[in-house]
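Take a look at the structure below.
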Amino acid sequence: MDRNLIDLYEDGGRKLVKAIDGLTEADRVSFPVPGTWSINQLVAHLTDCDLVFSDRMKRVIAEEKPTLTGFDESKWVEGLHYQSQSAPDLVALFDLNRRVMTNVLRLLPPEAFARTGTHTDKGVQTVEDILRYAVNHLDHHLKFLYAKREALGKLMW
């Protein structure tokens, strides 16, 4: 297990905080291309997914080979009113969740990262697999968020 992966995971919270810095409410609820989601919806999606990923890691750490269930993203976007949620609050929750989970991960012995659970859609996953997926998922969606900022004329640098 590459312990640098834990640092990348923790740093994701700071990346998301910075990614919405300086955006107005109007910016966050607009629908700039690329993609079909607003920045608000994207941030809500990222936060909910991250909470799910950390729950999966916790379950695999704490339970013996748990079943990890998937979810239908489109139902979450509509059913949980992603457009009307507060992006700054969601980002704060995302960052806090990452910091708390990082503390758990740093205390784990190396062999704990090989513990497994079985995902209903993806099959057997280790703690390390879920951690790596969480890091990659954020990086994937940050590309869209940065492109949306560019479309709004609000570059970060």
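The values are calculated or read from the model by the stated rules, or taken from the named source; none is laboratory data. What you are looking at is a predicted structure, and each value in this text was computed from that prediction instead of being measured. Quick reminder, even Gly has a Cβ in these numbers, built from the backbone with ideal geometry, and neighbours come from all protein chains shown. With ligands, DNA and RNA removed, areas are computed over all heavy atoms of the protein, side chains included. Shrake-Rupley method; radii C 1.70, N 1.55, O 1.52, S 1.80 Å.
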Would you kindly derive the ³J(HN,Hα) couplings of the stretch 78-89 from the backbone phi angles with the Karplus curve 6.51 cos²θ - 1.76 cosθ + 1.60 (θ = phi - 60°), listing them in order in whole Hz, with x for Gly and Pro? 6, x, 9, 6, 4, 5, 9, 7, 7, 4, x, 5
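Report the trypsin sites (Lys or Arg not before Pro) located in the stretch 1-56 that are in a DSSP loop and have at most 11 other Cβ atoms inside 10 Å of their Cβ, or state none.
Numbers: sites: R3, R14, K15, K18, R28, R56; in loops: R3.
Sites meeting the loop and neighbour criteria: R3.
Ranked from the most accessible area to the least, with a 1.4 Å probe and all protein chains present, what is the order of T126, T120? Display every interim value, and only then the final one.
Numbers: T126 30, T120 85 Å².
Result of the area sort, largest leading: T120, T126.
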Calculated Cα extents along the principal axes in Å (choose from (i) 48, 35, 25; (ii) 47, 32, 22; (iii) 41, 32, 28), label: (ii)
Tally Lys and Arg at +1 and Asp and Glu at -1 over the other residues with C-beta under 15 Å from the C-beta of L105: what net charge comes out? 0
Burial order of peptide ranges 139-152, 36-49 (average beta-carbon count within 10 Å, highest first): 36-49, 139-152
Multiplying the sequence separation of S86 and E25 by 0.36 nm and subtracting their Cα-Cα distance, what value in nm do you get? 21.1 nm
So the FRET efficiency between E78 and D55, C-beta based with R0 = 22 Å and rounded to 0.05, is 0.55
Between D139 and L107, what FRET efficiency comes out of the Förster formula 1/(1 + (r/R0)^6) with R0 = 22 Å and r the beta carbon distance, rounded to 0.05? 0.30
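Using a cut-off of 10 Å between beta-carbons, work out the net charge of the residues near L93 (Lys and Arg +1, Asp and Glu -1, L93 not included). Walk me through the numbers on the way to the answer.
Values: positive: R98; negative: D48, D50, D89, D95.
Net local charge, L93 excluded: -3.
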Show that you can apply the helix-only estimate: for the chain, add -39,500 (n - 2.57) for every DSSP H stretch of four or more residues, divide by all residues, and state [θ] at 222 nm to the nearest 500. -21500 deg cm²/dmol
Hey, what do the phi angles of the stretch 116-127 turn into as Karplus ³J(HN,Hα) couplings, whole Hz, using 6.51/-1.76/1.60 and θ = phi - 60°, x for Gly and Pro? 10, x, 10, 7, 4, 9, 9, x, 5, 10, 8, 4
Amide H contacts of T116 (H built 1.01 Å from N, under 5 Å, at least 5 apart or other chain): K65
Which residue fluctuates the most in the chain, going by a Gaussian network model with Cα springs under 10 Å, if the choices are T24, T116, T67? T24
Taking 7 Å along the Cα-to-C-beta vector as the label spot, tell me the V33-K18 distance in nanometres, rounded to one decimal. 2.8
So for the stretch 1-73, what percent of the C-alpha to C-alpha distances run longer than 17 Å? 59
Taking the alpha-carbon centre of each part, the distance from the stretch 69-111 to the stretch 1-63 in Å is 7
Residue-by-residue Karplus 3J(HN,Hα) for the stretch 33-42, coefficients 6.51, -1.76, 1.60, Hz, glycine and proline x: 6, x, x, 10, 9, 6, 4, 4, 5, 5
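Of K58/K122; K75/K122; K15/K65; K75/K148; K18/K122, which ones are farther than 28 Å apart at the Cα?
Numbers: K58/K122 18 Å; K75/K122 19 Å; K15/K65 32 Å; K75/K148 23 Å; K18/K122 31 Å.
The answer is K15/K65; K18/K122.
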Arranged from highest to lowest average of other beta-carbon atoms within 10 Å per residue, in what order do the peptides 29-35, 128-134 appear? 128-134, 29-35
